[in-house]
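Quick notes on the structure that follows.
All of the numbers you see were taken from the coordinates with simple rules; none came from a lab. What you see is a predicted model, and the numbers here were worked out from it, not measured in a lab. With ideal geometry, Cβ positions are generated from the backbone for all residues, glycine too; neighbour counts draw on all protein chains shown.
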């Protein structure tokens, strides 16, 4: 498929609270290296800045980031600030808080509720903002998120945060959060070939409640934070060939076909891959292709 003239508006629009975004966005994690959660080679700084600016030129107005996305050389938030400030009026920056990571890159456990204000203020400082558009609470195996989410709800009331979301949650955690404050998005790992009954339930519940469902690692598949492995199912390749597209584009298109409330945030430091990811928002799968891909999705066991 031709990619050069396709912009993010081809994917359609969803609203995060009162903030409209195109359904194909951009994940900033990989700009700091091959994977922010593991050792990786950071992307070239100038190329990363150029990719961010090109993403906005292609109509991307939803960027996912976090203060804990950093490597020894780069910080995702700082790259965003350098590349895009002063920010376009329609750009929605979504960040997340919860995990503890020190300046050496070592991971700790979950932040305490009373530490979350510091996390929010650090995101504000790095991004050069006076408020954050959307903040996701990333659950770190807590049985209950009420105290943590309540702390963020207080920061929302104080004007530091406009909207709230949750990440890595089960349906019961979403219900818990909704008892405290409105939730505009849920971020969980989800993608073609990784069925998970609880996440399937979350996707359905989000659709019923008008909440955006934003899967991460939807393109990487089993590779997760390490990136796509290069191995691909023959069924995905066959659908890709039929459209003159790549397997990653088919995965993005399948993701978007899971519901009008489903958003995609593929990340890359490669400008060519960026254009391909954005163009995937215009790829329309046939009923037969969806049936074939859905069968592939449900037959694979969860690893």
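Before moving on, here are some points about what is shown:
- Region 35-171: C-alpha gyration tensor shape, a/c 1.5 cut-off, then a/b vs b/c: oblate
- Listed peptides 16-23, 92-99, 289-296 by packing density, highest first (mean Cβ within 10 Å): 92-99, 16-23, 289-296
- Computed from the Cβ-Cβ distance with R0 of 41 Å, the FRET efficiency linking residue 237 to residue 44 stands at 0.85.
- Computed label-point distance, nm, for sites residue 102 and residue 89 using a 7 Å Cα→Cβ extension: 4.6
- Listed residues 258, 187, 198, most fluctuating in the chain (Gaussian network, C-alpha, under 10 Å): 198
- Estimated distance in nm for a label pair at residue 114 and residue 72, the labels positioned 7 Å out from Cα along Cα-to-Cβ: 3.6
- For the options 277, 123, 81, a Gaussian network treatment of the chain with springs between C-alpha atoms closer than 10 Å singles out 81 as fluctuating the most.
- Here r is the Cβ-Cβ distance between residue 147 and residue 121 and R0 is 25 Å; the resulting FRET efficiency, rounded to 0.05, is 0.85.
- Full extension of the chain between residue 170 and residue 291 yields a length gain of 40.9 nm, computed as 0.36 nm times the residue separation minus the alpha carbon distance.
- For a label point 7 Å along the Cα-to-beta-carbon line of residue 201, residues of region 142-178 with backbone N under 16 Å: 143-145, 168-178
- Of the residues 132, 84, 256, the one that moves most in a GNM of the chain with alpha-carbon contacts below 10 Å is 84.
- Angle in degrees between helix 197-209 and the longest Cα principal axis of the chain, rounded to the nearest 10: 80
- Backbone N within region 107-145 under 11 Å of label point (7 Å from residue 154 Cα along the Cβ vector): 113-117
- Between helix 287-299 and the chain there is an angle of about 60 degrees, using the helix long axis and the longest principal axis of the Cα atoms.
- Rough spin-label spacing in nm, given labels placed 7 Å along Cα→Cβ, for residue 270 and residue 13: 3.2
- With helices as the sole contributors, the chain gives -11000 deg cm²/dmol at 222 nm; each DSSP H run of n ≥ 4 counts as -39500 (n - 2.57), and the sum is divided by every residue.
- Against the chain, whose longest principal axis is taken from its Cα atoms, helix 116-127 shows a tilt of about 60°.
- Calculated FRET efficiency for the pair residue 208/residue 130, C-beta based, R₀ 41 Å, to 0.05: 0.75
- Full extension of the segment from residue 54 to residue 189, taken as 0.36 nm per residue of separation minus the current Cα-Cα distance, would add 46.0 nm.
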